[in-house]
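Below you'll find the structure, written out as structure tokens, and then a few comments.
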Amino acid sequence: MRITVYDGATTIGGNKIYLEEEGKGIFLDFGMNFARHRLYYDEFLRERSSRGIYDAIQLGMIPRLNVYRKDLIPSDLDVSGFPKPDVFAVLLSHAHLDHCGCIGYLDAEIPIAATATTLAILKAMRDTSKPGPGMEVPYFSKRVPADDSRVLEASRSAKDPYCCRRFYCTEEMDERLRQFFCESHRSKKIEPPECGKIDELGIPFGIEACELDHSVYGACGFLIQGDTTVAYTGDFRVHGRSAEKTERFLRKARDASVLVIEGTKAGDEGSVSEREVFVNCLKAVENARGLVIADFSPRNFERLEMFGEIARRTGRELAVTAKDAYMLKALECADGIDRMKDCRVYFELKAQRDAWENQVLELYSEKRVDPAEIRKNSECFILCFSYYDMKHLLDIRPESGTYIYSSSEAHSEEQDFDFLRLNSWLRLFSFEIRGFRIDQNGLHFERGYHASGHASSEDLRRAIETADPDVIIPVHTEKAEWFLEQFGERVKTVSDGGSVEI
Ligand SMILES: [Zn+2]
């Protein structure tokens, strides 16, 4: 077996790992490399979707392979000379963009296999945003050459339905999820996608998916059995609510001789647990006067549920955004759990709503909460808002409150500026801030209000000891040398594009 790490070998995310045996293979994730993306792009300098895969190929955002959607290849790009591997599927570990954000470029004949929850999140993400081609994962508008054939445009005709990718689920797929895949909120219809169970895929390997503890629901690791067995962790941790799932995966991984393991936190000792975050946030809400705002990453549903529990214990109600509500509804299609039961939905004041927003509005009309209601009863709510929602505070005009920053630390100077602006908004409404602070020396993060989605060094060490592989391939890390220091010759480090023959 040959394992080629096309991307994500030495950066945190962007995993595009290819497993190949006798000319047949599968990708493990096909994500966006945000480290590389940040080198060239920002919020306003962005990829040109009218050039299909051209920009992504030129900038090395995707490997030079002949595996991409035909409709995304403009006339001035010749891919015929690129290697053409026989790709059976993408096994997707979880619905974070650094793992799935380039799948949309891949030939539509290449199906995705993932957990039901991951597939539901992908569909909901696509429904609620207008992404570039790389992120058009579950369905897309076929592009056609414009008069100048170097330029590609989406067909606008409502008669042309969206094209769909095939989905294969790691478990039995609920009928509701199948229906959700066919639902379109736009003028174009979605052709019902072919979907089934992963065993029906005909992949030339034995595949076993095991759910893992990570900061998004539905994350899984894979055991891939060919002439040798490989375990792939995706992203994982053991300090969240589903820690025992990770342990189970690692015990199964004992059957594997090769462990492809993420190392985001390699070299970092100690981690805050979800339990500690719960205790600290509960205390902050108990001591809060006025409105509480909880800020956590989009799609961190475990944190959202944690704030739901805190709301229950403190006699408040959790108000989520329309997008959160749509996502929670999508999760219900995958696992049958009604997470909207005790939530209210905040509807921002806007002139025109997308069709998916109107669906949420209709579905949850009784749960709707207006800015004036929050102003009047601000001590009765925990509002799930983040940086980009700050403008809506002008409608609520809270007199005071507590803001809990329960998300990851800033990593770039640009993000530091976002915190300066966030701080201005919060000062304008006399909020007390937990989780970060800005003083004359700059921006500081307060420990204990956020738990990472990744295993600490100590947990990585234990994970490797449990799985006990012959060969360790670190990916998704800037500290591959840490693995070498800890595990010596068993570690095979690769650079992007590098291969290991097993
Ligand atoms: Zn990741």
Taking region 31-60 and keeping only residues that are within 16 Å of the ligand (Cβ to nearest atom) and hydrophobic (A, V, I, L, M, F, W, C), one is left with M32, F34, A35
*asked:* Being in contact with a helix residue (DSSP H, G or I) (Cβ under 8 Å, 6 or more places away or on another chain) and assigned to a helix (DSSP H, G or I) is the requirement here; does R344 meet it?
replied: no
Exactly one of A325, A288, A284 is of a type in the set (A, V, I, L, M, F, W, C) and within 24 Å of the chain's Cα centre (by Cα), and that one is A325
Residues in region 365-385 that are open to solvent by 40 Å² or more (accessible area, probe 1.4 Å) and either of a type in the set (V, I, T) or touching a Pro at 6+ places or on another chain (Cβ under 9 Å) (or both) total 1
Exactly one of F236, F307, F301, F249 is surrounded by fewer than 23 Cβ atoms within 10 Å (Cβ to Cβ) and aromatic (F, W, Y), and that one is F301
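Inside region 80-150, counting only strands (runs of 3 or more DSSP E) that do not spill past its ends, which hold 2 or more residues that are buried (at least 21 other Cβ atoms within 10 Å of the Cβ) and within 16 Å of the ligand (Cβ to nearest atom)?
On the way: elements: 86-91, 112-114, 143-145.
So the answer is 86-91.
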| message | Quick check on R434: is it away from the ligand (no atom under 16 Å from the Cβ), open to solvent by 30 Å² or more (accessible area, probe 1.4 Å) and closer than 26 Å to R241 by Cβ? | response | yes
If you check E465 against the conditions, is it over 23 Å from A35 (Cβ atoms), out of contact with any strand residue (DSSP E or B) (no Cβ under 7 Å at 6 or more places or on another chain) and open to solvent by 20 Å² or more (accessible area, probe 1.4 Å)?
yes
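Consider V260 carefully, then state whether it is touching a strand residue (DSSP E or B) at 6+ places or on another chain (Cβ under 6 Å) and either part of a loop (DSSP other than H, G, I, E, B) or within 16 Å of the ligand (Cβ to nearest atom) (or both). Before you say what the answer is, go through the steps one by one.
Details: touching a strand residue (DSSP E or B) at 6+ places or on another chain (Cβ under 6 Å): yes; either part of a loop (DSSP other than H, G, I, E, B) or within 16 Å of the ligand (Cβ to nearest atom) (or both): yes.
When the stated conditions are applied, V260 passes them.
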Taking region 207-240 and keeping residues away from the ligand (no atom under 13 Å from the Cβ) and either modelled with pLDDT under 95 or part of a loop (DSSP other than H, G, I, E, B) (or both) leaves D213, Y217, G218, G226, D227, T228, V238, H239, G240
Filtering region 389-419 for residues that are exposed (fewer than 14 other Cβ atoms within 10 Å of the Cβ), under 21 Å from the mean Cα position of the chain (by Cα) and at pLDDT 95 or above leaves a count of 0
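The values are calculated or read from the model by the stated rules, or taken from the named source; none is laboratory data. Keep in mind it's a predicted model, so treat the numbers as computed, not measured. When we count neighbours, we look across all protein chains shown, and the Cβ atoms used for this are built from the backbone with ideal geometry, even at glycine. Accessible surface areas use protein heavy atoms only, side chains included; no ligands, DNA or RNA. Shrake-Rupley method; radii C 1.70, N 1.55, O 1.52, S 1.80 Å.
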